[in-house]
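Working notes, structure below.
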Amino acid sequence: MTLQIHQFPCLSDNYGFLIHDEETQTTAAIDTPDPNAILNELHEKQWNLTHIFNTHHHFDHTGGNETLKEKTNCQIYGPQAEKSRIPLIDHPLSEGDTAKLGNFEATILEVPGHTAGHIAYHFAKEKILFVGDTLFVMGCGRLFEGTAEQMWQSLSKLRRLPDETIVYCAHEYSAANAAFALSLTPNDEAVRSRKTAIDAARAKNMPTVPTRMDWEKAANPFLRADSASLAQALHMTGAAPTEIFAETRRRKDSF
Ligand code: ZN
Ligand code: FE
């Protein structure tokens with residue numbers, strides 16, 4: 001029994017995801033960037049939408065809620081802390097809650113920073129993680145509503161999940177993130193080889209999502225704010241990881 005995952009591009013640089021349990025014929029959309037694209041993919045797969053799992057309130061993640069609810073009468077799950085901003089939410093979720101899709105079950109991780117109530121959906125048995133705009137390939141979400149300390153704690157929580165966890169991010173930002181990472185640590189072999197692989201994939205218009213937690217731990221500067229090499233690169237040896245994280249995020253904002 002496997003959780004089927006169908007990924008497709010939406011809007012300018014978002015990914016849509018449909019996840020499906022064949023036995024119970026249940027299907028969830030992870031966020032709703034583009035309702036028409038999602039309806040087309042459902043039609044193509046011959047899947048009926050039964051659930052929406054929202055990660056945070058931004059419009060490119062919830063903009064399709066109303067249309068999809070109207071067309072399919074699906075149940076909508078999302079962060080308790082943002083429930084007033086998630087259109088038509090039925091099931092508000094907090095840390096440690098579970099969201100079921102047929103035979104499968106996600107545990108909710110609260111990962112504030114990009115927004116104040118952002119959540120991730122962790123299918124622990126399958127080692128699959130949907131992170132929305134918290135963690136990207138070689139990057140992380142901008143701090144729109146949270147502090148650097150909050151985001152560093154959120155990323156540290158994700159980093160503690162098993163190395164082989166498959167990570168689905170909501171945007172294709174990898175090429176720009178890789179260029180930034182290499183600018184920080186030009187001699188880092190893990191960063192350099194990852195950038196080469198990303199550039200090769202993007203040259204063929206291939207997605208770089210999903211990624212793996214161990215790949216991110218090796219080459220994502222935002223998961224390495226407590227590494228000696230990043231501290232040294234920033235001339236911040238001895239500084240607290242939160243300070244190093246904050247400086248890295250600041251530099252990326254103006255890269
Ligand atoms: Zn967002
Ligand atoms: Fe987004």
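The values are calculated or read from the model by the stated rules, or taken from the named source; none is laboratory data. Computed from a predicted model, the values in this text were never measured in an experiment. Reconstructed Cβ throughout: ideal geometry from the backbone, glycine too, with neighbour counts over all protein chains shown. Accessible surface areas use protein heavy atoms only, side chains included; no ligands, DNA or RNA. Shrake-Rupley method; radii C 1.70, N 1.55, O 1.52, S 1.80 Å.
When the dipole is taken about the Cα centre of the chain, and only Lys, Arg (+1) and Asp, Glu (-1) are charged at their Cβ, what size is it in debye, to the nearest 20?
That gives the chain a dipole magnitude of about 600 debye.
What is the spread of the Cα atoms of segment 44-158 along each of their three principal axes, largest first, in whole Å?
41, 30, 26
Given 25 °C and 0.890 mPa s, compute D for the chain with the Stokes-Einstein relation, Rh being the Kirkwood radius over Cα pairs; round to the nearest whole µm²/s. Write out the running numbers ahead of the final one.
On the way: Rh = 18.5 Å.
Roughly 133 µm²/s, to the nearest whole number.
What pairs from Lys127/Lys157; Lys100/Lys127; Lys100/Lys157; Lys69/Lys100 go past 20 Å between their alpha carbons?
Details: Lys127/Lys157 15 Å; Lys100/Lys127 15 Å; Lys100/Lys157 22 Å; Lys69/Lys100 18 Å.
In this structure, Lys100/Lys157 lie more than 20 Å apart at Cα.
Using alpha-carbon pairs under 8 Å, 6+ residues apart, how would you state the relative contact order of the chain in percent? Write down the numbers at each step before the final one.
Values: 522 pairs, mean separation 32.5, N = 255.
Averaging sequence separation for qualifying contacts and normalising by length gives 13 percent for the chain.
In segment 123-178, which trypsin sites (Lys or Arg not before Pro) are in a loop and have at most 16 other Cβ atoms within 10 Å, using DSSP for the loop call?
On the way: sites: Lys125, Lys127, Arg142, Lys157, Arg159, Arg160; in loops: Lys125, Lys127, Arg142, Arg160.
Filter output for segment 123-178: Lys125, Lys127, Arg142, Arg160.
Counting just the Cα atoms, what span does segment 99-142 cover along each of its three principal axes? Round to the nearest Å and put the largest first.
Reported extents, whole Å, longest axis first: 34, 22, 11.
Provide the descending list of Cα extents for segment 3-102 along its principal axes, expressed in whole angstroms.
Principal-axis extents of the Cα atoms in segment 3-102, largest first: 34, 32, 23 Å.
Can you work out ³J(HN,Hα) from phi for every residue in segment 234-242, in order, using Karplus 6.51 cos²θ - 1.76 cosθ + 1.60 and θ = phi - 60°, giving whole Hz and x for Gly and Pro?
Working through the residues one at a time gives 8, 6, 10, 3, x, 6, 5, x, 4 Hz.
Rounded to two decimals, what is Rg over Rh for segment 199-255 when you use alpha-carbon atoms and the Kirkwood radius?
Details: Rg = 13.8 Å, Rh = 12.7 Å.
Result: Rg/Rh = 1.08.
In cubic angstrom, how much convex hull volume per residue do the alpha carbon atoms of segment 132-255 span? Can you show the working numbers first?
Values: hull volume 12.1 nm³, N = 124.
Roughly 97 Å³ of hull volume per residue.
Determine the relative contact order of segment 201-255: mean sequence separation of Cα pairs under 8 Å and six or more apart, normalised by residue count, in whole percent.
Values: 27 pairs, mean separation 12.7, N = 55.
Rounded, it is 23 percent for segment 201-255.
If Lys and Arg each add +1 and Asp and Glu each add -1, what is the summed charge of the other residues whose beta carbon sits under 9 Å from the beta carbon of Gln4?
Numbers: positive: Lys45; negative: Asp21, Glu22.
Cβ neighbours under 9 Å give a net charge of -1.
Considering only DSSP beta bridges whose two residues both sit in the chain, what percent are antiparallel, to the nearest 5?
Working: 28 of 41 bridges.
In the chain, DSSP labels about 70 percent of beta bridges as antiparallel.
Provide Met151, Met1, Met206 ordered by accessible surface of protein heavy atoms (probe 1.4 Å), highest first.
On the way: Met151 0, Met1 150, Met206 100 Å².
My answer, sorted largest first, is Met1, Met206, Met151.
Output wanted: per-residue J couplings in Hz (rounded whole) for segment 214-220, from phi through Karplus 6.51 cos²θ - 1.76 cosθ + 1.60, θ = phi - 60°, x for Gly and Pro.
5, 5, 5, 4, 7, 9, 9
Taking the full set of protein chains and a 1.4 angstrom probe, give the accessible area of Glu145 in square angstrom, rounded to the nearest 10.
Estimated to the nearest 10 Å², Glu145 gives 70 Å².
With every protein chain present, what accessible area does His171 have (1.4 Å probe, heavy atoms only), rounded to the nearest 10 Å²?
Near enough 10 Å² of accessible area.
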